[in-house]
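Chemist: Mind looking over this structure? Questions follow.
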Amino acid sequence: ADKLNLQLKWVTQAQFAGYYVALDQGFYEEEGLDVTIKPGGPDIAPVQVLMGGGADVMVDWMPSALAAREAGAPIVNIAQPFKSSGMMLTCLKETGVTGPEDFPGRTLGVWFFGNEYPFLSWMSQLGIPTDGSAGGVTVLKQGFNVDPLLQKQADCISTMTYNEYWQVIDAGISADELVTFKYEDQGVATLEDGLYVLESKLADEAEADKLVRFVRASMKGWKWAEENPDAAAMIVLDNDETGAQTETHQKRMMGEVAKLTAGSNGALDPEDYARTVASLMSGGSDPVITKEPEGAWTHAITDAALQ
Amino acid sequence: MRSVLPILTVVMAILALWYGAAVMLNRQWTLDQAARAGQDLTIAQIVADTMAQERPKLPAPHQVGAELWNTTGAMVLEGRAFTRRSLIWHGWVTLSATLVGFGIGTGLGILLAVGIVHNRAMDMSVMPWAIASQTIPILAIAPMIIVVLNSVGISGLLPKAIISAYLSFFPVVVGMVAGLRSPDRMQLDLLRTYSASPSQAFWKLRWPSSMPYLFTSLKVGMAASLVGAIVGELPTGAVRGLGARLLAGSYYGQTVQIWSALFAAAILAATLVGIIGLIQRITLKRMGMAR
Amino acid sequence: MAGPVARPGKGTIVKSAVIKADHLDLVFQTNDGPVQALSDVSLSIEKGEFVSFIGPSGCGKTTFLRCVAALEHPTGGSLTVNGLTPDAARQARSYGYVFQAAGLYPWRTIAKNIKLPLEIMGFPRAEQEERVARVLELVDLKGFGNKYPWQLSGGMQQRASIARALAFDADILLMDEPFGALDEIVRDHLNEQLLALWARTGKTCLFVTHSIPEAVYLSTKIVVMSPRPGRITDVIESPLPKERPLDIRDTAAFLEVAHRVREGLRAGHAYDE
Amino acid sequence: MAGPVARPGKGTIVKSAVIKADHLDLVFQTNDGPVQALSDVSLSIEKGEFVSFIGPSGCGKTTFLRCVAALEHPTGGSLTVNGLTPDAARQARSYGYVFQAAGLYPWRTIAKNIKLPLEIMGFPRAEQEERVARVLELVDLKGFGNKYPWQLSGGMQQRASIARALAFDADILLMDEPFGALDEIVRDHLNEQLLALWARTGKTCLFVTHSIPEAVYLSTKIVVMSPRPGRITDVIESPLPKERPLDIRDTAAFLEVAHRVREGLRAGHAYDE
Amino acid sequence: MIWLGGVAAFWAAALALNVWLSNSPWRRTWAVRLAVPAIFGLTILVVWEGLVRGLGVPSVILPPPTAIGARIASSTSILWVDFVQTFVKGALSGYVMGCSAAVLTAILIDRSPFLKRGLLPVGNFIAALPIIGTAPILVMWFGFDWQSKAAVVVAMVFFPVLVNTVQGLAASDPMQRDLMRTWSASYGQTLLKLRLPAAMPFIFNGLKIATTLALIGAIVAEFFGSPIRGMGFRISTEVGRLALDMVWAEIAVAALAGSAFYGLVALAERAVTFWHPSQRGE
Ligand SMILES: Nc1ncnc2c1ncn2[C@@H]1O[C@H](COP(=O)(O)OP(=O)(O)OP(=O)(O)O)[C@@H](O)[C@H]1O
Ligand SMILES: Nc1ncnc2c1ncn2[C@@H]1O[C@H](COP(=O)(O)OP(=O)(O)OP(=O)(O)O)[C@@H](O)[C@H]1O
Ligand SMILES: Cc1ncc(C[n+]2csc(CCO)c2C)c(N)n1
Ligand SMILES: [Mg+2]
Ligand SMILES: [Mg+2]
């Protein structure tokens, strides 16, 4: 079987259920692939791993992928299993935040490490400075948990619909005490978990064929996961070596993730792409990317995989 | 054994402080919950609640103790000592990287020290850079080390071990340089009157007289090695080991799990250091240096 | 290589100088500037002589011994040992050196400490044992071979360090105040022993001491030094016979030599007011 | 609490004992079992006496001095100093102690080292300076006040430590082999100075030495001790006059006392074969 | 190949120069003492540059020193802001608080043998808690700004300094302590005039180790939450952005600041413990 390494963007959780299902249900094997899934973590930059040859395919968000491409990393989107964005800004109601117009003067928690681009372009579209100048917001680098909101160190924090939001709820704060701003609803959604490879892989026919088989099996995995969310969550749980994940949380996460993957057959929707690029370039004086990317995505793989 | 009572007293004092702090820190959450539910709580209820929260800001000692037991002793009793939910298994993963890293770091440290003591050019050029190397935040370059090693095909235990070696070689260099230089002028002159060769001087004088320093630096190095292995686990994908447990606990706000992993790490460190202390005592006694 | 034979003192017969210092100078470079430790020291010592060095603290006695042992290198003048440079003589393992302090290795027992030079010089194992036993007996430490240094009193440690220097039978013995830490009775006893050993083996001895009677009792030649800079002020050839019972110290000849040494010493001090 | 005035020398009137030891015992508990350092030591020292202690290494001389200074506590018998317990006497700052080694603080200059006890006892600043200058002169170290200890030779360090003990004019001087590291000439000189100081001030001195002539030259009373367990074997009242030029050492009276001391000492050793 | 060959040649030449310099008569002079490590460092940089270029290592993996240098030159204001946030506010304040608390505690412990026997082993155990674990907790307790970083630094430097100070307080010569007793000096006098001065070499040993720990602690703590400035923040953010030259620029500043900090403490040590044999030199 052909060996293939997949680098995830984050730790083993239902966010990546499709790949674990494909592995567990033998979809990769059926395609003649021997896939190794490498979990990510707070310090892992998947692009770096890809460039260093540690992985053949990576899962990444489009904003950071495009930024990396502009920085000189020749990476290309070959598939986009996630149709919608799960990103939100979650605020405590008691702080009095009701809409984006209330943001100035507030303290907002933001993930960095390449995950800050959606937030930054949203703020620049709103015209709110993030550099600490007057009339702007105070930005905190949020660690990997929801403490800042619970400890009231921030008025709002970044959350994912499928993960951190539920951690806030689990911490004993009920949904009606929270105000949430989904990026989708604010019209600033950018594409999340896509599959990326180095350009050189696409030029090589054998490699390209491997990728086709990989995407086909992965999408099969995703659709299986959407149909059997609880079973998929259990598969994820089986693959979690830390032993820290809980069944309830993963089942709930799988349910939320299914909503995000629902609209996608794997092929990147050029409209979504265009919207993401526009959003990233609209950043006023400090856009995330400065020029329209070229060749940053391809349908070649998905076309072959899905025919 | 005279130390038992003082240690117990101090431990008791710390536990008392800890319980007090747990009540103070976790109180707010209890009160908030009660306010939301529209309840009024008595002091006793508040205190009881602060010690039994699922995600306390500061878990109470008995919660940590129970979690430690559940993930170690209880697992052993059930015969599941080497499953993923067992701290024994995670501890073992960390321990193996620690020991390999400690071996590499100590070896390298001793070699460097020997070079520094015997070669003036090395002494003058290497020492300042060894110091500078320790001011580099390891957490910052650990992912890069992992990536670079990955790209040349090395993965698994070794990258973690290299990070732990990076942290442990420094105390060994510093200690051994001091130790190998500890013979006084007269002891060295004595060998010169015998016209002893450098290697005779090393084995008969420098090496034995560096023993007390060696063991002290081994203890520091071992502790540093463990920290290195844990740091190395974070960017390796954080799938197993005590570092992964810490991270996962932190990620899901499971403070009890963080604290139990933390204590497991400290117990591991204390045990390893204790073992070196034991070897030290035996060796020095054999050498007649312990009185 | 053997240098021309020297003509020391008033002797007229041709003797072979074991140690020959010629206008020796030694300057230490320190932070406060140079320190002249030895200045224009000329001295010739023949084989089998017992030479004592006496002089106030800091006059350069230790420094001279260290030059002979090639532990210090003179900054001027010449010094030969057995006709060789001190370095070459050291390589030929010609010295036994007893330092001012015992300097035993704490991780070795007394016997192992004495065995150390034998190991380094590669004596056969059986001979090592035998030599250790012999010198332990010589310094009255039989039965203490398996003790560690700190289990012995200061005087016993000092004796062990003497035994160590004697173990490998070097031709030249350099001893720097070996008996400083001992009380009078022990000291007398060891003086006798040392003299007997010297008479038996014909070694050349260089001996530093602060005690005038000790110097006179032991030596064939007494070198009196004065400080700042370290110079030789007097070289006294002893008229005493080679055979010296302890009570020779009450004879007139002895007292006369002692007096001359004392006068020489006093000249180096500033207490004449 | 000033005791009744004493009349040193051979007077027959009732005297006040400054130090009175009665059947003193001291046992050290060590890992190897108990070590009897002092056994049944009885001794009475009057005000203004100069008492030397002599005996082989390890016989308990230092231990006895430490008991007097309340640094060690006897396990049996009684000991009073000025009629008080040693502890109380220490609190009254009655001792000046010179240890066997110089023990200067390396981070203080010589002058500051001497000033240290004065600071601790709260002497006025001006008087501190004046006293330091005086004792520096006394031990011939004028001009070395600003040097650090390691910049001095061993002998000079020892003298500085004597100056430190003299600076605050304690009534009782305890000196443990203070002149061990010095050469004969310096030693003679300091012996003279010490004797003059003692005669002038009427201090009570307890003095440990290995040198028989030194003991005889300085003392009004010589205590000979023997080891294992530390006992007093002889107490010799000196018949020498208070006025003692250096050449008193050649008189018959002197030699006789010295002989008695030597005999007493020899009895404690095992070299009689 | 040219690059690799050049690297080898340069390395050999620099090595030879260093060996010659360090055995030359001027080896005790200031200039040579600085030059030798500088040449060694330069060698590392040249070898690094040569390898990166010669082997074509992508700059998102490891940028060449020249690129890092250019980045330092063009980003001085950011680097300065980060330096103030992390080093001055976080590391320095934590260092001062942690070290003084440690010395005071050591004196307390020293007064009571009971505490000494009880607190030291427990303290050693607590010191073995890895900071990676304690840092998130301290950030949770003390908030995002420099206070939590200082707290992490305090936790890191406390025990090395404590242990060294306790050891140092026990280091004064028994004879010198006896001397103090014969003068019937008070505890305070003995402490001030004997035990603390005698402990200085040990205390400085702890203080020196603590300098590197302080900097690492402050930087690492920022990984677990911070305002949007600081060296640790910048490092983790810029890795995510693949601006590795910026990451290495921060690392260079950290190494420089850390070495300078260490050097300053070592200088202070020289001034305070001038009397110690190890400082008096050959
Ligand atoms: N390594 C050195 N560096 C600088 N000066 C030194 C060194 N060794 C000795 N001296 C100085 O040289 C002089 C002679 O010292 P030396 O040790 O030879 O004296 P000594 O006669 O042996 O004295 P003592 O009787 O005290 O042993 C002294 O003034 C001493 O300070
Ligand atoms: N702290 C101690 N613990 C155990 N034994 C001790 C201690 N101090 C002294 N001794 C023992 O007590 C005895 C007397 O020792 P002390 O130091 O009084 O001898 P000394 O007469 O002063 O000898 P020296 O002439 O060598 O100074 C010795 O046998 C010694 O080993
Ligand atoms: C340091 C840090 N960065 C990002 C996240 C949030 N996070 C968790 S999963 C996920 C989606 C990508 O897989 C994101 C953005 C975090 N918790 N901590
Ligand atoms: Mg000398
Ligand atoms: Mg004594």
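Chemist: How high is the FRET efficiency from E:Phe114 to D:Asp22, r the C-beta distance, R0 35 Å, rounded to 0.05?
Modeler: 0.45
Chemist: Roughly speaking, what % of Cα-Cα pairs in region A:213-296 are separated by over 17 Å, rounded to a whole number?
Modeler: Working: 2172 of 3486 pairs.
Cα-Cα pairs of region A:213-296 separated by over 17 Å account for 62 percent.
Chemist: Here is a further query. Using alpha carbons only, how many angstrom separate the centre of region A:231-307 from the centre of region B:1-76?
Modeler: First find each Cα centre; the distance between them is then 41 Å.
Chemist: Next question. Could you tell me what percent of the accessible area of chain D is made up of carbon and sulfur, with a 1.4 Å probe and every protein chain present?
Modeler: Working: 6000 of 11630 Å².
Using a 1.4 Å probe with all protein chains present, chain D comes out at 52 percent carbon and sulfur.
Chemist: With all protein chains present, how much of the accessible area of region E:2-57 (probe radius 1.4 Å) comes from carbon and sulfur, to the nearest whole percent? Write down the numbers at each step before the final one.
Modeler: On the way: 2750 of 3490 Å².
Carbon plus sulfur share of accessible area: 79 percent.
Chemist: Moving on. Computed over the Cα atoms, what is the radius of gyration of region E:1-123 divided by 2.2 N^0.38 Å, N being its residue count? Can you show the working numbers first?
Modeler: Details: Rg = 23.5 Å, N = 123, 2.2 N^0.38 = 13.7 Å.
For region E:1-123, the normalised Cα radius of gyration comes out at 1.71.
Chemist: Let me ask you something else. Where does helix A:270-281 land angle-wise versus the long Cα axis of chain A, in degrees 0 to 90, nearest 10?
Modeler: Result, in degrees: 40.
Chemist: Scanning chain E for helices, which whole DSSP H stretches are 24 Å or more long along the axis (Cα) and average 0.0 or more by Kyte-Doolittle? If you can, show how the numbers build up before the last one.
Modeler: Working: long enough: E:2-23 (32 Å, 1.38); E:30-54 (35 Å, 1.42); E:93-111 (27 Å, 1.18); E:146-169 (32 Å, 1.30); E:196-222 (38 Å, 1.46); E:244-272 (41 Å, 1.33).
Once both thresholds are applied, what remains is E:2-23, E:30-54, E:93-111, E:146-169, E:196-222, E:244-272.
Chemist: Let me ask something additional. State, in square angstrom and to the nearest 100, the accessible area buried between chains B and E, both chains counted, probe radius 1.4 Å.
Modeler: 4100
Chemist: To continue, here is another question. In Å², what does the accessible area per residue of region B:1-96 work out to with a 1.4 Å probe?
Modeler: Numbers: 5570 Å² over 96 residues.
Heavy-atom accessible area per residue stands at 58 Å².
Chemist: While we're on this one: Taking Rh as the Kirkwood radius computed over C-alpha pairs, what is the Stokes-Einstein D of region D:58-102 at 20 °C in a medium of viscosity 1.002 mPa s, expressed in µm² per second?
Modeler: Details: Rh = 11.1 Å.
For the chosen part, D equals 192 µm²/s.
Chemist: Using 1/(1 + (r/R0)^6) with R0 = 25 angstrom and r between the beta carbons of D:Thr85 and E:Ile107, what's the FRET efficiency to the nearest 0.05?
Modeler: On the way: r = 30 Å, r/R0 = 1.20.
So the FRET efficiency works out to roughly 0.25.
Chemist: Please identify which residues in region B:104-135 have an amide N closer than 15 Å to a label point set 7 Å out from the Cα of B:Leu157, following the Cα→Cβ vector.
Modeler: From region B:104-135, the list is B:104-105.
Chemist: Among B:Leu15, B:Gly38, B:Ala48, whose Cα lies farthest out toward the positive end of the dipole of region B:4-58, if unit charges sit on the beta carbon of Lys, Arg (+1) and Asp, Glu (-1)?
Modeler: The Cα lying farthest towards the positive end belongs to B:Leu15.
Chemist: Over chain B, what lengths in whole Å, largest first, do the semi-axes of the equivalent ellipsoid take, defined as the square roots of 5 times the eigenvalues of the alpha-carbon gyration tensor?
Modeler: 46, 24, 17
Chemist: Return the distance in nm (one decimal) between the two label points of a simple spin-label model at A:Ala274 and B:Ser199, each offset 7 Å from Cα along Cα→Cβ.
Modeler: Distance between label points: 7.9 nm.
Chemist: Non-local amide H neighbours of D:Phe53 (under 5 Å, H modeled in plane, Pro and chain starts lacking H): which ones?
Modeler: Placed amide hydrogens put D:Phe207, D:Val208, D:Thr209, D:Val223 under 5 Å from D:Phe53.
Chemist: Something else: Rounded to the nearest 100 Å², what's the accessible area chains B and A bury against each other, both chains counted, probe 1.4 Å?
Modeler: Details: alone 16800 and 12680 Å², together 26670 Å².
In total, this chain pair buries about 2800 Å².
Chemist: Something else now. Which percent of the accessible area of region B:5-164 is formed by carbon and sulfur heavy atoms (probe 1.4 angstrom)?
Modeler: On the way: 5130 of 7390 Å².
Heavy-atom surface of region B:5-164 belonging to carbon and sulfur, 1.4 Å probe: 69 percent.
Chemist: Separate question: Please determine, in degrees from 0 to 90 and to the nearest 10, the orientation of helix A:247-261 with respect to the longest principal axis defined by the Cα atoms of chain A, where the helix direction is its Cα long axis.
Modeler: 80
Chemist: How far is D:Gln151 from itself in the other copies, in nm, if each label sits 7 Å out from Cα along the Cα-Cβ line, shortest first?
Modeler: Its label point is 4.5 nm from the equivalent points in the other copies.
Chemist: Please list 3J(HN,Hα) in residue order for region B:248-257, calculated via the Karplus relation 6.51 cos²θ - 1.76 cosθ + 1.60 where θ = phi - 60°; whole Hz, with x for glycine and proline.
Modeler: 4, x, 5, 4, 9, x, 8, 4, 4, 5
Chemist: For chain E, what does the accessible surface come to per residue with a 1.4 Å probe? Please give it in Å².
Modeler: Working: 11640 Å² over 282 residues.
For chain E, the solvent-accessible area averages 41 Å² per residue.
Chemist: Work out which residues of region B:114-135 lose at minimum 50 square angstrom of accessible surface when the other protein chains are put back, relative to the chain isolated, with a 1.4 angstrom probe, and list them by number.
Modeler: B:Arg120, B:Ala121, B:Met124, B:Ser125, B:Trp129, B:Ile131, B:Thr135
Chemist: What is the Cα convex hull volume of region E:2-57 when expressed per residue in Å³? Can you show the working numbers first?
Modeler: Details: hull volume 2.8 nm³, N = 56.
Hull volume over Cα atoms, normalised by residue count, gives 50 Å³.
Chemist: To continue, here is another question. May I ask what percent, to the nearest 5, of DSSP beta bridges between residues of the protein assembly as shown are antiparallel?
Modeler: Details: 64 of 113 bridges.
About 55 percent, rounded to the nearest 5.
Chemist: What are the equivalent ellipsoid semi-axes of region E:184-281, built from the alpha-carbon gyration tensor (square roots of five times its eigenvalues), in whole angstrom, biggest first?
Modeler: Numbers: eigenvalues 317, 50, 10 Å².
Working through the eigenvalues yields semi-axes of 40, 16, 7 Å.
Chemist: Still on this structure, I have one more. Could you work out the Rg to Rh ratio of chain D, with Rh taken as the Kirkwood radius (inverse of the mean 1/r over all Cα pairs)? Each step should come with its number before you reach the end.
Modeler: Numbers: Rg = 18.6 Å, Rh = 19.4 Å.
Rg/Rh for chain D comes to 0.96.
Chemist: So for the protein assembly as shown, what are the equivalent ellipsoid semi-axes in whole Å, largest first, each being the square root of 5 times an eigenvalue of the Cα gyration tensor?
Modeler: 78, 37, 27
Chemist: If you count only protein heavy atoms with a 1.4 Å probe, what accessible area per residue comes out for region C:105-169, rounded to a whole Å²? Intermediate results must be reported in sequence, preceding the final value.
Modeler: Details: 2660 Å² over 65 residues.
For region C:105-169, the per-residue accessible area is 41 Å².
Chemist: Mind listing the long-range amide H neighbours of B:Ser155? Cut-off is under 5 Å, sequence gap 5 or more, other chains count too, H placed in the peptide plane at 1.01 Å from N.
Modeler: Counting only residues 5 or more places away or on other chains, the set is empty.
Chemist: Also, quick follow-up: Quick one: the Cα spread of region C:108-153 along its three principal axes, in angstroms, biggest first?
Modeler: Cα spread of region C:108-153 along its principal axes, largest to smallest: 30, 19, 12 Å.
Chemist: What quantity of accessible surface, computed with a 1.4 Å probe and excluding non-protein components, is buried in total between chains D and E, in Å² to the nearest 100? Mind showing how you got there, number by number?
Modeler: Details: alone 13640 and 15750 Å², together 27190 Å².
In total, this chain pair buries about 2200 Å².
Chemist: List, largest first, the extents of the alpha carbons of region B:78-158 along their principal axes, each in whole Å.
Modeler: The Cα atoms of region B:78-158 stretch 59, 26, 24 Å along the principal axes, largest first.
The values are calculated or read from the model by the stated rules, or taken from the named source; none is laboratory data. Treat the numbers as computed from the prediction; the structure is a model and nothing was measured. Using ideal geometry, Cβ is built from the backbone for each residue, glycine included, and neighbour counts are taken over all protein chains shown. In case anyone asks, the SASA skips ligands and DNA or RNA and just uses the protein heavy atoms, side chains included. Shrake-Rupley method; radii C 1.70, N 1.55, O 1.52, S 1.80 Å.
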